[in-house]
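Only the coordinates and a few stated rules stand behind these numbers; no lab work does. Because the structure is predicted, anything quoted here is derived from the model rather than measured. When we count neighbours, we look across all protein chains shown, and the Cβ atoms used for this are built from the backbone with ideal geometry, even at glycine.
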2 protein chains.
Amino acid sequence: MNIAIIGLGVIGGSFAMGLQAAGYKNVFGVDINLETIELAEKEGFIRKGVVDAKDILSDMDVILLSLYPSQIAPFVTQHKALFKTGVVLTDVTGVKTEIIKQVTTVLPETADFIFAHPMRGSEKKGIIGADHTRFVGANALITPVPINKEENLQLIEQLYKEIGFEQVTRVSPELHDEQIAYVSQLMHALSVGVVNSSQASDETLTFAGNSFQELTRIADINGELWSELFLNNRAALLNSIELFEVELDALKKSLIENDENTLKKIFSKATTQRKHWY
Amino acid sequence: MNIAIIGLGVIGGSFAMGLQAAGYKNVFGVDINLETIELAEKEGFIRKGVVDAKDILSDMDVILLSLYPSQIAPFVTQHKALFKTGVVLTDVTGVKTEIIKQVTTVLPETADFIFAHPMRGSEKKGIIGADHTRFVGANALITPVPINKEENLQLIEQLYKEIGFEQVTRVSPELHDEQIAYVSQLMHALSVGVVNSSQASDETLTFAGNSFQELTRIADINGELWSELFLNNRAALLNSIELFEVELDALKKSLIENDENTLKKIFSKATTQRKHWY
């Protein structure tokens, strides 16, 4: 099986490493950066790399697009004439409904596209940040669409499992986007808001404990990518922020009213739910 | 030097362990729970423990109060008749201005009180959660007041260093409370708000990556303690929440207006500041 990884960044690079470590010998890489390709070849993550996908695409059985959301549908449009009949494409994008809408309008009938989301990002960038062990024990989501063949869904699930993912769950694109707005995008919005707050200063670290360091970690964010992820999921994210604000307002009210009982109830509810989860 | 730890909870217990590990042979413990005392004696964290502070207080050179904020001033009031002349008291409370106000009105002239804040809490409770290695590399703050003797400030700083604290910084009580509202209390308010949000559900974990787990860690919170900490620092915390909301509103506005440029600027600002800090 010939597998092409399009985009050897921190995620694409980690997939290449993981597939290679899982025993796949025919993993090919495409990247606009020649140095990236040379590094990936030298380290043995890929059998061969090229800067232009056209040079290898017609031999590929699986094409993993590790690109920004805005690049997915244009890649399909530009390269679909070269797709081998029966090719399975897959993406790693953190938003689904919008991408699916864009891709399904341009995808040829002879190709299948399994929309997937490996849920282990990185604040690092580029192949030098690649590390397939990041996927060990991580979760992934697959959002099936009516055109998907069951065997292709299973193929992608199998590849994920082989490179270390623990749970690969099928969910609807709508539920995916709604939940990701909460568990991931809201976290990034809050972390960014904390760091950008005018109360932040050079002396902040004198006062900071581990919770501040932890909570602000994801404010070191790839803005090019995350602005696309946020804007491709605007409605769900805005809803998620508003639901969060209801809770923050309740907490503020208890402070304003010096209402210890309500405050204790708020803390108790959070503690119970957090313990239930972890 | 005889040192009494009043309250052998997760923090007091860790101090006892740390002092013992640093070679202090005369560390005594006071706790209302007899089992806690027995455990602390058996493990060798303390030389001897009692349930009533009155039994040992008159021999103590240093008294470390590891109590809830509301218990500090009442403890001084109830026991000050027993204090040895020249005794040095210290606390571990996460808020300072209000505690200082309460304590300085009841403290006898023959005693000194060094107000301190070891900045390494725990979501654990009780002596079974005690572990002095939590302090290794941590920061602590001391908020001097005019009555403090320099030698006593240095004594407490020295004890902190000996049990592993890396940085022990002197700051004004007002700056302490203002900054703690931001770096610590705001983080807890946000984490609690995230977990209590109505979008939280049993299936949340199917979608959650590491950022969600990290950001919600401190929502498992000691509500008895934190309601006191929040309410003793109400004005500063409300101000901190409001400054944060300005940033969250800016981010929301960029989403509503589909304004990718502004969103990228917001992310870029956060990334620069976060990298500057860590």
Long-range amide H partners of B:Val168 with built H, under 5 Å: B:Ala140
For B:Gly49, other-chain or 5+-apart residues with amide H closer than 5 Å (H placed, Pro excluded) are B:Gly29
Along the range B:144-158, Karplus-curve 3J(HN,Hα) (6.51, -1.76, 1.60; θ = phi - 60°) to the nearest Hz, with x for Gly and Pro, reads x, 10, x, 6, 5, 7, 4, 5, 6, 4, 5, 4, 5, 4, 4
Say a label goes 7 Å from Cα toward Cβ at A:Lys275 in every copy; what distances in nm does this one have to the rest, shortest first? 4.2
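Quick one: length gained pulling B:Ile256 to B:Ala21 fully straight, 0.36 nm per residue minus the C-alpha distance? All intermediate terms of the calculation are to be shown ahead of the outcome.
Values: separation 235, 0.36 × 235 = 84.60 nm, distance 5.66 nm.
Gain in length upon complete extension: 78.9 nm.
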Sequence-distant or interchain residues sharing an amide H contact under 5 Å with B:Leu89, placed H: which? B:Ile63, B:Asp112, B:Phe113, B:Ile114
I'd like the Karplus ³J(HN,Hα) series for the range A:6-12: coefficients 6.51, -1.76, 1.60, θ = phi - 60°, whole numbers in Hz, and an x wherever there's a Gly or Pro. 9, x, 9, x, 5, 7, x
If I model a spin label at B:Thr105 and B:Ser58 as a point 7 Å from the Cα along the Cα→Cβ vector, what separation in nanometres do I get? 3.0
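Averaging sequence separations of C-alpha pairs under 8 Å and six or more residues apart, then dividing by the length of chain B, give the relative contact order as a whole percent.
On the way: 423 pairs, mean separation 44.3, N = 278.
So the answer I get is 16 percent.
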Using the Karplus curve 6.51 cos²θ - 1.76 cosθ + 1.60 with θ = phi - 60°, what ³J(HN,Hα) values do you get for each residue of the range A:57-65, in whole Hz, with x for Gly and Pro? 4, 5, 9, 8, 8, 10, 10, 9, 8
Exercise: per-residue mean of other protein chain Cβ atoms within 10 Å, A:225-231: 5
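Just to confirm the filter: which GluC sites (Glu not before Pro) across the range B:92-177 are DSSP coil and have at most 12 other Cβ within 10 angstrom of their Cβ?
On the way: sites: B:Glu98, B:Glu109, B:Glu123, B:Glu150, B:Glu151, B:Glu157, B:Glu162, B:Glu166, B:Glu174; in loops: B:Glu109, B:Glu123, B:Glu166.
Taking the range B:92-177 and a limit of 12 other Cβ atoms within 10 Å, the loop GluC sites (Glu not before Pro) found are B:Glu109, B:Glu166.
Can you list the trypsin sites (Lys or Arg not before Pro) in the range B:147-204 that are in a DSSP coil and have 13 or fewer other beta carbons within 10 angstrom?
Details: sites: B:Lys149, B:Lys161, B:Arg170; in loops: B:Lys149.
Answer by residue number: B:Lys149.
Under 15 Å from the Cβ of B:Glu157, count the other residues' Cβ atoms, weight Lys and Arg +1, Asp and Glu -1, and hand me the total. Display every interim value, and only then the final one.
Working: positive: B:Lys149, B:Lys161, B:Arg170; negative: B:Asp91, B:Asp112, B:Glu150, B:Glu151, B:Glu162, B:Glu166.
Once all neighbours under 15 Å are counted, the net charge is -3.
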Across the residues of B:136-143, average count of Cβ atoms on other protein chains within 10 Å? 1
Assuming R0 = 56 Å, can you tell me the calculated FRET efficiency for the pair A:Leu238 and B:Val51, based on Cβ-Cβ distance, to the nearest 0.05? 0.50
